[in-house]
Amino acid sequence: METENSRAVNADLPIGVFDSGVGGLTVVKEIINQMPNERIVYFGDTARVPYGSKSRDTVVRYSRQIVRFLLEQNVKAIAVACNTASAYAIPEIEAECPVPVIGVIRPGAKTAVEGTRNGRIGVIGTRATITSGSYKEYIREIMPGAEVFGQACPLFVPLVEEGLWEDPVTDEIARRYMASLIDRDIDTLIMGCTHYPLIRKTIGRAAGDKVLLVNPAYETARELRKLLESRSLISGHRYELGSTVPQYRFYVSDMADQFQKFANSIIKYGILAAEKIDIYNYSARPLSEGD
Ligand code: DGL
């Protein structure tokens, strides 16, 4: 549940979005599509990616540092774009954060439940996301009788980052990952990792055309919109191209140039700059304790 304290938020403030690296840009893309008048501050933890092979404690610590950074940027809400961070750190962030928080897992789970006809749902993600059992937990909350089958796909992230989006190697690996899920007769598959929507076609081919693919990035942007609407936090601003107000700001913890290149292949808007910051400066003490 979201918690709010006395922090003054207003509709014109930006939305904060974070991820372990570049993958969260798939969520940014959906937010831009669905809410073009919103300002966004994005942080990609490119120095410490991947999160998918790290422990819960580490992911929680990193996430809390990033939330502190985003709050310093005066955001009105935070979207945790990373599935692994959503799987491990949402309760801690929600408990401490003075602005509304949304992760990607709950919206993804809800959509899968709405889409399934036979109650057999597959989830693919990083090792951490699958081990956490978070998708299963949320799905079972809404649909107690659902059968949920997880499959970690650790090779997908590097394949996407190497640009092998349409490649026989990726096809072959996808077929292997999907085999056990197909055997379980799933009719719905959650792409539970930021990078997977970028190889949606490959995943779709391997899963077969009877399987409904759920993209939590899309659903998260929709839920975020509803959340902002319910709190009268939708921006009333109309941004013009070339406006003096920088509508989107991107920060990373390392490799700003590389980030920018990858980002421009995902977001057609054209990212002019990404700024490197020292995320270690942001203490992981509970947010309620202040600086
Ligand atoms: N962003 C991560 C996720 O959605 C994938 C990359 C990583 O392992 O950090 O789980």
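The values are calculated or read from the model by the stated rules, or taken from the named source; none is laboratory data. Quick caveat, the model's predicted, so the values are computed rather than measured. Neighbour counts are summed over all protein chains in view; Cβ atoms, including those assigned to glycine, are modelled from backbone coordinates with ideal geometry.
Can you go through Ile40, Ile32, Ile66 and tell me which one is within 16 Å of the ligand (Cβ to nearest atom) and farther than 15 Å from Thr129 by Cα? It is Ile66. Among residues that are on the phi > 0 side of the Ramachandran plot and modelled with pLDDT of 95 or more, Gly208 is included.
Only residues that are in a helix (DSSP H, G or I) and touching a Gly at 6+ places or on another chain (Cβ under 7 Å) were counted in segment 125-135, giving 5. Residues of segment 167-199 that are within 16 Å of the ligand (Cβ to nearest atom), among the hydroxyl-bearing types (Ser, Thr, Tyr) and under 14 Å from Gly122 (Cβ atoms): Tyr177, Tyr196. Only a single criterion out of (1) over 12 Å from Ala221 (Cα atoms); (2) aliphatic (A, V, I, L, M); (3) surrounded by fewer than 24 Cβ atoms within 10 Å (Cβ to Cβ) is not satisfied by Ile32, namely (1).
Any residue in segment 108-124 that is more than 15 Å from the chain's Cα centre (by Cα), within 22 Å of Pro197 (Cβ to Cβ) and part of a loop (DSSP other than H, G, I, E, B)? Yes, the conditions are met somewhere in segment 108-124. Whenever a residue of segment 189-203 is without any contact (Cβ under 8 Å) to a residue 40 or more places away in the chain, its partners that are more than 12 Å from the ligand (Cβ to nearest atom) and among the hydrophobic types (A, V, I, L, M, F, W, C), lying with C-beta atoms within less than 6 angstrom and at least six residues away or across chains, give the pairs Thr202/Ala174. Close contacts from segment 264-291, counting a first residue that is closer than 21 Å to Pro36 by Cβ and a second that is part of a loop (DSSP other than H, G, I, E, B) and modelled with pLDDT under 75, with Cβ to Cβ under 9 Å and a gap of 6+ residues or different chains, come to Asn264/Gly270; Asn264/Ile271; Leu272/Pro246.
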